[in-house]
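Some notes on the structure that comes next.
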Amino acid sequence: MHCHIPAARRGPLIWLIPSLWTLGLGLWGLARQDSVWRDEAATWQVAGRSTGEIVDMLGNVDAVHGLYYLLMHGLFEVFGASTTTLRLPSVLAVAAAAACVAVIGRRLAGFWAGLGGGLALALLPAVQFYLQEGRPYALVAAGAGLSTLLLVSLLSEVPGTGRSGRRAWPRWTAYAVAVLVCALLNWLSLLVLPAHAATLWWVRAGRGVWLRWAAYGACAVAGALPLVLFSRSQSDQVSWIPPLTWHMMIGPAILLAVGGVCALADRPRAGRLSATAVGLPLLAVPQLGLIGISLVQPLFLDRYVLFSMVGLALLIGAGLAAAVGAARPLFPRGAGLLVPGAIGISVLALLPVELGKRAPASRVDDVLAVAGEVARLGRPGDAVVFVPAARRDTALVSPEAFAGLADVALERSPVASATLKGEEADPARIREALLGRSRVLLVTDAAKVAKPSGAARDAAKAAVLKERFTVVEDRQVRGRRVTVYERRQGVSAK
């Protein structure tokens, strides 16, 4: 079946259909059964602070996410704190990235490449996870899609001349701004620059294009450099990331294999601007670059290079377009059904993944569920302690559930201390405070996800509770645990 959509209408449809498709997938189950996990809880509690309080905190922790926190603060101020406000920016960002993929694919490999790639992006399992995530990674993917679209428009404007036109400077400026904003959201997104350099090399760009790309790219790097250098002083935040292992590279190997197969179907040629020339470097260079960086300092987390999925989606679109072209001589009336058919089959095949990503169990814990248990079990005047201290996030996100409870270990609140979890008293004072209570609620991790804490303060909490108190209730829900302790009969407070 030939596509009978008038050419004048194909322009808007090529990006509108993938955008609406992605928006629908993102809105489906957006609340995730009213669950919020620990990473999103950080966004939630920081966004609820004033601008000055956020800036103060960034001097101590999470400077790498500063721009994102300020953005979410503005959205919380205007629309209120909710799971919709928390996650909708990511949904809209992936929808924008899908539109970029569609436009790039249409320009480089035809209508079906654009439509197929744009529809495929939101179905990729990694994208499914961060599509509904209150963190900045989807926004980075949108920025990478935009910067790549701008580069493609500049490279294809004057084919074969090596020049990008006299009036290209606004787009080069927009390119630099897009790269810079992405870097301010997550500076590892600067790996998009070597990916684009590989594209320039592949298409044998002229000297003028190389110089412009280098100049505007250098401006973006220079703008992000202060954040990069300053955030390095907060590197303890990523000290929990394990060293790179062969097992961790299975995922990237599969992605590169899929991308390679699609690239072969596109029949790329050196010197020609194609979906492969753009998509394969965008997929491969960030993945391989992060692996290389992780050999020096462990940083290998797929979310840091989520934007590389834009390249994979572009390659998938090119592969689908090649399949349509191959099928057309055999099935001239039905070849056009191949792309929607493939997308439909993918939706059904990935349905378990789609449902799983929208369930609370897809995340390691749920700070709202445990807050509900605290509200049910707690009594006015009870003490509450958190092990580790970072589990205080549930009280920061749901303070009403902790009304009437005394956080006896806390010496300075997160806002007062300009930190994420606050500052706790020394072990001796924590012990003394607990001994003065007859009933204590301990909020910690569920047994299946708990890790030993080496902090002296946490050891003091555990020792007092074990020596002087008895467990009367114990509830585990969605990765968190609430244990109620009462002082043993006949045991004094001293």
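Below is a table of values for the structure above.
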| quantity | calculated |
| --- | --- |
| Estimated FRET transfer efficiency when R0 is 35 angstrom, pair Leu229-Ala327 (beta carbons, to 0.05) | 0.10 |
| Amide H contacts of Glu473 (H built 1.01 Å from N, under 5 Å, at least 5 apart or other chain) | Val484 |
| Rounded accessible area per residue of the chain, 1.4 Å, Å² | 44 Å² |
| Dimensions in Å of segment 352-450 - Rg and Dmax from alpha carbons | 15.0, 50 |
| Segment 289-328, accessible surface, carbon-and-sulfur percent (1.4 angstrom probe) | 70 percent |
| 3J(HN,Hα) from dihedral phi, segment 88-97, Karplus parametrisation 6.51/-1.76/1.60, rounded to Hz, x for glycine, proline | 4, x, 5, 4, 5, 5, 5, 4, 5, 4 |
| For the chain, calculated [θ]222 nm from helices alone, where every DSSP H run of n ≥ 4 adds -39500 (n - 2.57) | -19000 deg cm²/dmol |
| Net length gained if the chain between Ile250 and Ala447 were fully extended (0.36 nm per residue, minus Cα distance) | 68.1 nm |
| Segment 279-350, relative contact order in percent, only Cα pairs under 8 angstrom and at least six apart counted | 29 percent |
| Note, ³J(HN,Hα) from phi for segment 19-26, Karplus 6.51, -1.76, 1.60, rounded to Hz, x at Gly and Pro | 5, 5, 4, 5, 4, x, 5, x |
| Tensor-based shape of segment 402-494 (alpha-carbon gyration tensor, a/c under 1.5 rounded, otherwise prolate or oblate) | oblate |
| Largest-first ellipsoid semi-axes for segment 170-236, taking √(5λ) over the Cα gyration tensor eigenvalues, angstrom | 25, 12, 9 |
| Simple spin-label estimate for Ala222 and Ala375 in nanometres, 7 Å along Cα-Cβ | 5.3 nm |
| Extension gain, Leu27 back to Asp426 (0.36 nm per residue minus Cα-Cα distance, nm) | 139.1 nm |
| Kirkwood Rh in Å, taken over all unlike Cα pairs in segment 181-334 | 17.2 Å |
| With Cα atoms, 0 to 90° folded angle of helix 66-79 axis to the chain main axis | 80 degrees |
| Amide H within-cut-off set for Arg480, under 5 Å, with H built and near neighbours excluded | Asp366, Ala446 |
| Probe 1.4 Å - accessible area at Phe79, Å² to nearest ten | 150 Å² |
| Net lengthening on full extension, Ala81/Ala416 (0.36 nm per residue, minus Cα-Cα) | 118.5 nm |
| Largest-first ellipsoid semi-axes for segment 292-397, taking √(5λ) over the Cα gyration tensor eigenvalues, angstrom | 49, 22, 8 |
| Fraction of the pair-distance distribution of segment 69-210 above 23 Å, Cα-Cα pairs, percent | 41 percent |
| Relative contact order (%) - the chain, alpha-carbon pairs under 8 angstrom, separation at least six | 18 percent |
| Rough spin-label spacing in nm, given labels placed 7 Å along Cα→Cβ, for Glu486 and Leu13 | 7.0 nm |
| Crossing angle, helix 367-377 versus the chain [Cα axis fit, 0-90 degrees, rounded to tens] | 20 degrees |
| Nitroxide proxy distance, nm - points 7 Å out along Cα→Cβ at Ala462 and Leu70 | 4.1 nm |
| ³J(HN,Hα), Karplus 6.51/-1.76/1.60, whole Hz, each residue of segment 206-215, x for Gly, Pro | x, 4, x, 5, 4, 5, 5, 4, 5, 5 |
| Angle between the chain longest axis and helix 38-47 axis [Cα atoms, degrees, rounded to 10] | 90 degrees |
| Average Cα contact separation per residue, segment 283-419, under 8 Å, 6 or more apart, as relative contact order % | 15 percent |
| Highest average packing first - 229-242, 381-394, Cβ atoms within 10 Å | 381-394, 229-242 |
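The values are calculated or read from the model by the stated rules, or taken from the named source; none is laboratory data. Worth saying up front: this structure is predicted, and the values here are computed from it rather than measured. Neighbour counts run over all protein chains shown; Cβ positions are idealised from the backbone, glycine included. Ligands, DNA and RNA are excluded from the accessible area calculation, which covers all protein heavy atoms including side chains. Shrake-Rupley method; radii C 1.70, N 1.55, O 1.52, S 1.80 Å.
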